[in-house]
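**Q** First, the structure itself, so that you have it in front of you.
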Amino acid sequence: MPFSDYYKDLITDLKNDDSRLKIWGEQLEAQLAEVLVDQTHGDMQAWSEAFKQLPNIENINANINQDTLSFESALVSDGQSQALLSALQSLKPWRKGPFDFFGHHIETEWHSDWKWQRISPHISDLKNRKVLDVGCGSGYHMWRMLAQGASRVIGVDPSKLFFWQFEAVKKYLKAAHNENVPAHFLPFKMEDVPPNLRVFDTVFSMGVLYHRRSPIEHLAELYNALRAGGEVVLETLVVEGELGQVLMPEDRYAMMRNVWFLPTVDTLSLWMRRVGFKDVKVVEQNYTSIEEQRTTDWMEYNSLKDFLDPNDHTKTAEGYPAPLRATLIART
């Protein structure tokens, strides 16, 4: 079906929403037309064809409230299983997960479940909340948010591959429940979200801040997307040190070109307060391990161990401190 058809129900719902989401609903169709003007570019056609090859399966039992998001059915034929495996393999690399599609276990590059285990005890109850997930990847955490009772989850991420991985999960979740699913992936950057919506109850930004040339602008965007009293969950790379200290790599950081600012947690807390956030709390910090981010059969490219000093895993390949991540939670 045409790409725009994946958003018909979202556009209708937002246009009829009694909150400021209606503003976005009026703009969304034109935004999508602009972003998706060339649907044949790169691998889009191949990914679209792979998605079409996902077999229709009946009597599905779906579980998105566990570490491995899974789908099961006693009615999967050998032919369907083989078609499913081929389609899923055509959507590699799978970076965020894990997932299990009817016995085909997708061991993703990241153990995204480990991150959720660390942060979920600290976030407010998501029941009946409108949630925005910035830099949502393939949507793994969006499904965990929905499982916790969020009334709507919107994810934004510019990766078109992540869109098709997200839609693969959504296809079978919709079939399992025989209804629309209030979660949508938009192939946008945060800068494409209308400014000053002030409507979301919770906004997540995980693994995004260090990719932004202006981290203060990103924090302001998150603040202005939230309603009064809303909550931000911010996870990003940081460095050890004192208030006011920030690492700006000369070129690459852990082989990544687009890393700009790694502040200390005290500096980041100050940045958040300066844009208006209150009750800023550091709820967890951890060094990313080569067990949490690694090469797998479903993501065959280089991963974290290749980005660290081979003789000293406390340093990146460039000699900077190894990836330390922190999660901060605050409210407007």
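The values are calculated or read from the model by the stated rules, or taken from the named source; none is laboratory data. All of these numbers come straight from a predicted model, not from anything done at the bench. A quick note on method: Cβ atoms are made from the backbone with ideal geometry, for glycine too, and the neighbour counts reach across all protein chains shown. Note: accessible area is taken over every heavy atom of the protein model, side chains too, but ligands, DNA and RNA are not part of it. Shrake-Rupley method; radii C 1.70, N 1.55, O 1.52, S 1.80 Å.
**Q** Going residue by residue through the range 32-44, is there one that turns out to be touching a Gly at 6+ places or on another chain (Cβ under 9 Å), more than 30 Å from Val199 (Cα to Cα) and either touching a residue at least 12 places away in the same chain (Cβ under 8 Å) or surrounded by fewer than 16 Cβ atoms within 10 Å (Cβ to Cβ) (or both)?
**A** First pass over the range 32-44, keeping only residues touching a Gly at 6+ places or on another chain (Cβ under 9 Å): none.
Within the range 32-44 (the criterion being touching a Gly at 6+ places or on another chain (Cβ under 9 Å), more than 30 Å from Val199 (Cα to Cα) and either touching a residue at least 12 places away in the same chain (Cβ under 8 Å) or surrounded by fewer than 16 Cβ atoms within 10 Å (Cβ to Cβ) (or both)), the answer is no, since none of the residues qualifies.
**Q** Could you pull out the residue among Val203, Val259, Val233 that is touching a residue at least 24 places away in the same chain (Cβ under 8 Å), buried (at least 16 other Cβ atoms within 10 Å of the Cβ) and assigned to a loop (DSSP other than H, G, I, E, B)? Step through it out loud before you land on a result.
**A** Working: Val203 fails: assigned to a loop (DSSP other than H, G, I, E, B); Val233 fails: assigned to a loop (DSSP other than H, G, I, E, B).
Exactly one residue qualifies, and that residue is Val259.
**Q** Condition check: within 30 Å of Ser90 (Cα to Cα), of a type in the set (Val, Ile, Thr) and either in a strand (DSSP E or B) or touching a strand residue (DSSP E or B) at 6+ places or on another chain (Cβ under 8 Å) (or both). Does Ile329 satisfy that? Explain how you work it out, then say what you get.
**A** On the way: within 30 Å of Ser90 (Cα to Cα): no; of a type in the set (Val, Ile, Thr): yes; either in a strand (DSSP E or B) or touching a strand residue (DSSP E or B) at 6+ places or on another chain (Cβ under 8 Å) (or both): yes.
No.
**Q** Which one is surrounded by the fewest Cβ atoms within 10 Å (Cβ to Cβ), of the residues in the range 238-256 that are within 22 Å of the chain's Cα centre (by Cα) and outside any loop (DSSP other than H, G, I, E, B)?
**A** Going through the range 238-256, the residues within 22 Å of the chain's Cα centre (by Cα) turn out to be 238, 253-256.
Now restrict to residues that are outside any loop (DSSP other than H, G, I, E, B): 238, 253, 256.
Working: Val238: 27, Tyr253: 23, Met256: 14.
Going through the qualifying residues, I end up with Met256.
**Q** Okay, moving on. Pick from the range 206-227 the residues that are open to solvent by less than 40 Å² (accessible area, probe 1.4 Å) and touching a residue at least 60 places away in the same chain (Cβ under 8 Å): which of them is farthest from Arg257 (Cα to Cα)?
**A** Selected residue: Leu226.
**Q** Among the candidates Val169, Val153, single out the residue that is in contact (Cβ under 8 Å) with a residue 60 or more places away in the chain, crowded, with 24+ Cβ neighbours inside 10 Å and β-branched (Val, Ile, Thr). Let's see the steps before the verdict.
**A** Numbers: Val153 fails: in contact (Cβ under 8 Å) with a residue 60 or more places away in the chain.
After ruling out the rest, the residue left standing is Val169.
**Q** Can you tell which of Ser77, Ser81 is more than 21 Å from His184 (Cα to Cα), open to solvent by less than 40 Å² (accessible area, probe 1.4 Å) and over 21 Å from the mean Cα position of the chain (by Cα)? Please lay out each step first, then the result.
**A** Details: Ser77 fails: open to solvent by less than 40 Å² (accessible area, probe 1.4 Å).
After ruling out the rest, the residue left standing is Ser81.
**Q** Mind checking which residues of the range 108-137 are farther than 14 Å from Gly97 by Cα, of a type outside the set (Lys, Arg) and touching a Gly at 6+ places or on another chain (Cβ under 7 Å)? Write out each step before concluding.
**A** Within the range 108-137, the first condition is being farther than 14 Å from Gly97 by Cα, and the residues that meet it are 118-135.
Okay, now just the ones that are also of a type outside the set (Lys, Arg), so 119-126, 128, 131-135.
Result: Leu126, Asn128, Asp133, Gly135.
**Q** Just a yes or no: is a residue in the range 296-305 more than 23 Å from the chain's Cα centre (by Cα), touching a residue at least 12 places away in the same chain (Cβ under 8 Å), buried (at least 18 other Cβ atoms within 10 Å of the Cβ) and not in a helix (DSSP H, G or I)?
**A** Step one: filter the range 296-305 for residues more than 23 Å from the chain's Cα centre (by Cα), giving none.
Taking every residue of the range 296-305 in turn, none turns out to be more than 23 Å from the chain's Cα centre (by Cα), touching a residue at least 12 places away in the same chain (Cβ under 8 Å), buried (at least 18 other Cβ atoms within 10 Å of the Cβ) and not in a helix (DSSP H, G or I).
**Q** Also, I was wondering about something else. Every residue in the range 172-200 that is out of contact with any helix residue (DSSP H, G or I) (no Cβ under 8 Å at 6 or more places or on another chain), open to solvent by 10 Å² or more (accessible area, probe 1.4 Å) and assigned to a helix (DSSP H, G or I), please.
**A** Lys174, Ala175, Ala176, His177 - these are the residues of the range 172-200 that are out of contact with any helix residue (DSSP H, G or I) (no Cβ under 8 Å at 6 or more places or on another chain), open to solvent by 10 Å² or more (accessible area, probe 1.4 Å) and assigned to a helix (DSSP H, G or I).
**Q** Considering only residues of the range 110-130 that are of a type in the set (S, T, N, Q) and surrounded by fewer than 21 Cβ atoms within 10 Å (Cβ to Cβ), which is farthest from Gln285 (Cα to Cα)? Even if it seems obvious, please write down each step before you answer.
**A** We begin by selecting, within the range 110-130, every residue of a type in the set (S, T, N, Q); these are 112, 117, 120, 124, 128.
Filter once more, so that each one left must be surrounded by fewer than 21 Cβ atoms within 10 Å (Cβ to Cβ): 117, 120, 124, 128.
Working: Gln117: 13, Ser120: 14, Ser124: 19, Asn128: 28 Å.
Restricting to residues being of a type in the set (S, T, N, Q) and surrounded by fewer than 21 Cβ atoms within 10 Å (Cβ to Cβ), the top hit is Asn128.
Let's see how each residue does on (1) surrounded by fewer than 17 Cβ atoms within 10 Å (Cβ to Cβ); (2) closer than 24 Å to Thr296 by Cβ; (3) of a type in the set (Val, Ile, Thr):
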position	(1), (2), (3)
Ser4	yes, no, no
Asp9	yes, no, no
Ser19	yes, no, no
Ile57	no, no, yes
Asn61	yes, no, no
Ile64	no, yes, yes
Ser90	yes, yes, no
Pro93	yes, yes, no
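**Q** Which condition number does Ala50 fail, the rest of (1) under 22 Å from the mean Cα position of the chain (by Cα); (2) without any contact (Cβ under 8 Å) to a residue 40 or more places away in the chain being met?
**A** Ala50 satisfies every listed condition except (2).
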